[in-house]
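Reviewing the structure listed below.
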Amino acid sequence: MSAVLEARRVSKWFGEVIAVNDCSLTLGPGVTGLLGLNGAGKTTLFKLLSGLITPSQGEVLVRGRRLRREVGMFRRVGFCPESDALFDWLTGREFLTLMIRLMGFDGAESARRCDRALELVHLAHAGDARIGGYSKGMRQKIKMAQALAHDPEIVFLDEPLNGMDPVSRREISHLVKELGEAGRCVVVSSHILPEIETMTRSIVLIHRGKLMAEGDITEIRDAIHDHPTIVAFRSPEPRRLASFLAGRDLVLGVELDDLGRVVARTDHAVNFYRELPAALIEAGIPVDEFQTLDDDLQSVFDYLVGQ
Amino acid sequence: MNVNAGLNPDAAADAPDRPLNVLASAWWIGAFSFREMIRRKRIVSVGLLMLLPVILAVAWRTLDRDGVISADLILANLSGMVYVHAMVALVSLAFGLSAIGETADEGTIIYYWTRPLSRTAIYLGRLWAAQTVSALLVAGSLVLCFLVMTVGNFGILNLDFLRLYVSACLVILLGGFVYTAIFAAAGTVLRRPMLPAILYAFGWEAISGNAPLKLQELTVVFHLRNLMHNPARSVDSMPNLLQELRQMVMREVPPEPWQSLLTLLGVIVVSTLLGTWLLRRKEIFR
């Protein structure tokens with residue numbers, strides 16, 4: 001992966017409190033969710049990565065250069081803050097135009113990019129209204145628009161779906177995914193895990209100031225060998241299947257759920273998946289489908305931070 | 001929807017990675033911040049406060065119909081006591097402290113922060129805006145005072161009076177620039193700057209006026225008054241007499257006006273450099 005954004009052994013402390021402790025990570029194109037409980041250091045890491053604060057130790061590099069020292073590199077960065085603070089007396093269009101001008105574009109180009117950014121976040125109809133009159137969701141969208149209008153290589157989104165209605169959430173989630181697919185390096189910070197899951201399967205998990213996990217949710221889940229995996233099977237012969245599974249060494253427990261599925265728990269998911277198909281065929285037990293119930297982000301998160 | 005439609009997908013990569021020109025971006029920020037500051041509610045309250053010298057001028061016109069107190073003396077006292085000692089500090093306090101501090105507290109500074117702008121440009125732009133708003137309020141008040149004193153009383157309009165008025169205006173406006181620069185730097189570094197700023201402006205600056213000359217020279221007020229032609233100095237008022245006596249006894253020699261001018265300009269430069277340095281080190285946690 002080509003490093004667009006890199007943190008090298010970054011630490012940040014405030015007095016005697018260590019908010020981020022010796023974190024290293026490399027991000028390339030695509031969407032990455034930054035996760036963590038309140039007080040875990042997620043916000044501090046996010047601000048370190050986006051150049052808003054300086055590491056006490058280590059360095060954050062954008063394309064190999066320090067963002068805090070070389071402010072010109074902010075041309076490559078779009079930042080959508082969590083804070084609701086905006087220039088309420090401006091119209092959405094005036095605000096965007098100013099933000100684009102301050103990125104160094106001339107008047108005509110700013111106007112063109114302003115229109116495009118308003119369309120991108122589905123706010124073209126309200127471009128000439130004052131921001132002070134915007135709903136919470138519209139305010140989020142105008143913040144998104146100013147982060148994207150100059151077509152940045154790296155986009156930081158801090159709780160981007162806050163206050164949005166379901167339709168807007170879907171639109172913005174889709175937009176974020178598209179940005180990732182278009183080769184942008186997008187870092188999304190959110191405490192609502194299902195939201196992150198709609199945008200990406202790639203996460204960085206921080207807990208108690210330390211980087212706890214980084215990568216694809218499924219890969220992280222698979223790497224957790226000693227944590228039971230829960231698998232649900234649909235079979236025309238559920239009792240026979242349950243009895244078969246109960247007799248296997250890798251299976252910790254079996255039960256039938258309310259939906260008529262056989263639910264098995266195993267503490268060696270990789271071996272379980274490797275051996276099971278052949279064993280089922282050999283035993284002649286029909287299985288219509290099976291699915292892992294706990295490789296969603298919430299389960300992985302709960303497990304990792306609950307350790 | 002295609003996020004790349006209509007945009008150059010390589011635009012970010014092609015963009016030169018250098019900050020925008022400091023003066024040009026400071027001008028942009030200044031012009032925008034000026035529009036922002038004149039929309040603040042405090043402009044009404046500060047504007048009303050700036051009517052105080054005008055009310056005093058009206059009182060003089062109303063009460064002193066026989067011309068016992070000369071217009072020169074009234075103007076000198078208004079500028080030396082009311083404007084320099086109170087009004088200029090007040091208006092600078094209102095807009096200087098908030099120049100950086102308020103936008104940082106509100107969180108809107110993040111929109112400047114995340115642009116290719118040097119902190120110097122951000123600081124200069126905000127400072128210029130605050131100084132312009134302060135200067136306009138003070139200038140408005142001075143113009144109103146002039147009108148109250150002269151309309152229907154054209155006899156006072158001679159060269160000396162005009163010279164006194166113009167020099168007073170220039171010194172008062174300079175005072176506004178100095179105080180705004182000091183308070184902007186204070187607002188950049190202090191989380192709650194109001195109390196220290198009030199103590200400085202109305203404590204230190206006021207009480208040290210009765211201190212030995214060397215101590216007085218450490219105040220902005222002293223240098224502003226040193227620049228100002230004051231006909232009251234030659235009259236035999238008790239405070240002036242005591243000051244003259246003390247200076248004779250202690251062999252104190254006040255600095256030349258040009259030295260005071262240089263000192264005040266130096267304060268503006270040093271405060272601005274300090275404020276810029278503080279802003280560069282500032283971090284945002286909102």
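The values are calculated or read from the model by the stated rules, or taken from the named source; none is laboratory data. Here the structure is a predicted model, which means the values were calculated and not measured. No Cβ is skipped: glycine too gets one built from the backbone with ideal geometry, and neighbour counts run over all protein chains shown. What goes into the accessible areas is simple: the full protein's heavy atoms, side chains included, and nothing from ligands, DNA or RNA. Shrake-Rupley method; radii C 1.70, N 1.55, O 1.52, S 1.80 Å.
For the reader, a short list of remarks on this structure follows.
- FRET E, pair B:Ala24, B:Val58, Förster distance 51 Å, beta-carbon r, rounded to 0.05: 0.70
- Between A:Leu37 and B:Ser167, the modelled label-to-label distance comes to 7.2 nm, taking each label 7 Å out from Cα in the direction of the beta carbon.
- Between B:Glu283 and B:Leu213, full extension at 0.36 nm per residue minus the direct alpha carbon distance yields a gain of 21.2 nm.
- Only Lys, Arg, Asp and Glu carry charge here, each on its Cβ (+1 for the first two, -1 for the last two); on that basis the protein assembly as shown has a dipole of about 1900 debye about its Cα centre.
- Only DSSP H runs of four or more residues enter the estimate; each adds -39500 (n - 2.57), and after division by the residues of the protein assembly as shown the mean residue ellipticity at 222 nm equals -15500 deg cm²/dmol.
- Per-residue SASA entry for B:Leu224, accessible area with 1.4 Å probe, Å² rounded to 10: 0 Å²
- On region B:21-134, 69 percent of the accessible area sits on carbon and sulfur atoms, based on a 1.4 Å probe.
- With a Förster radius of 60 Å applied to the beta-carbon distance between A:Gln291 and B:Arg192, the computed FRET efficiency rounds to 0.60.
- Prolate is the label for chain A, because the ratio a/c of its alpha-carbon gyration tensor axes (a ≥ b ≥ c) is 1.5 or higher and a/b is greater than b/c.
- Under 5 Å between amide hydrogens, built in the peptide plane, is the criterion, and for A:Val31 it picks out A:Val186 among residues at least 5 positions away or on other chains.
- Cβ-based charge dipole, region A:109-244, positive-most Cα from A:Val187, A:Gly127, A:Phe156: A:Gly127
- For A:Phe14 and A:Asp128, a Förster radius of 41 Å and the Cβ-Cβ distance give a FRET efficiency of 0.45, rounded to the nearest 0.05.
- Of the GluC sites (Glu not before Pro) in region A:11-94, those whose Cβ has at most 14 other Cβ within 10 Å and which sit in DSSP loop: A:Glu16
- Backbone N within region A:182-224 under 17 Å of label point (7 Å from A:Ser56 Cα along the Cβ vector): A:207-211
- Measuring with a 1.4 angstrom probe and ignoring ligands and nucleic acids, B:Ile43 comes out at about 40 Å² accessible.
- Label point at A:Ile192 placed 7 Å out along Cα→Cβ; residues across region A:114-143 whose backbone nitrogen lies under 11 Å: A:137
- Dipole of region A:250-307 [Lys/Arg +1, Asp/Glu -1 at C-beta], most positive-end residue of A:Ala283, A:Val305, A:Leu293: A:Ala283
- Inter-centroid distance (Cα atoms) of region B:167-230 relative to region A:39-98, Å: 36 Å
- Shape call, region B:116-182: gyration tensor on alpha carbons, a/c limit 1.5: prolate
- Chain A: antiparallel DSSP beta bridges as a percent of all, rounded to 5: 65 percent
- In terms of its C-alpha gyration tensor, region A:171-307 has a prolate overall shape, because the principal axis ratio a/c (a ≥ b ≥ c, square roots of the eigenvalues) is not below 1.5 and a/b outweighs b/c.
- Extreme residue, positive dipole direction of the protein assembly as shown, given options B:Phe222, A:Leu211, B:Tyr179 (C-beta unit charges): B:Phe222
- Ranked by solvent-accessible area (1.4 Å probe, protein heavy atoms only, all chains present), the residues B:Met37, A:Met138 order from largest to smallest as A:Met138, B:Met37.
- Between region B:79-114 and region A:231-296, the C-alpha centres lie 70 angstrom from each other.
- Per residue of A:157-164, other chain Cβ atoms within 10 Å of the residue Cβ number 0 on average.
- Choice from A:Gln140, A:Gln57, A:Gln291 with maximal GNM fluctuation in chain A (Cα, 10 Å cutoff): A:Gln291
- Spatially proximal aspartates and glutamates relative to A:Lys12 (Cα-Cα < 16 Å; intrachain offsets below 8 disregarded): A:Asp22, A:Glu59, B:Glu283
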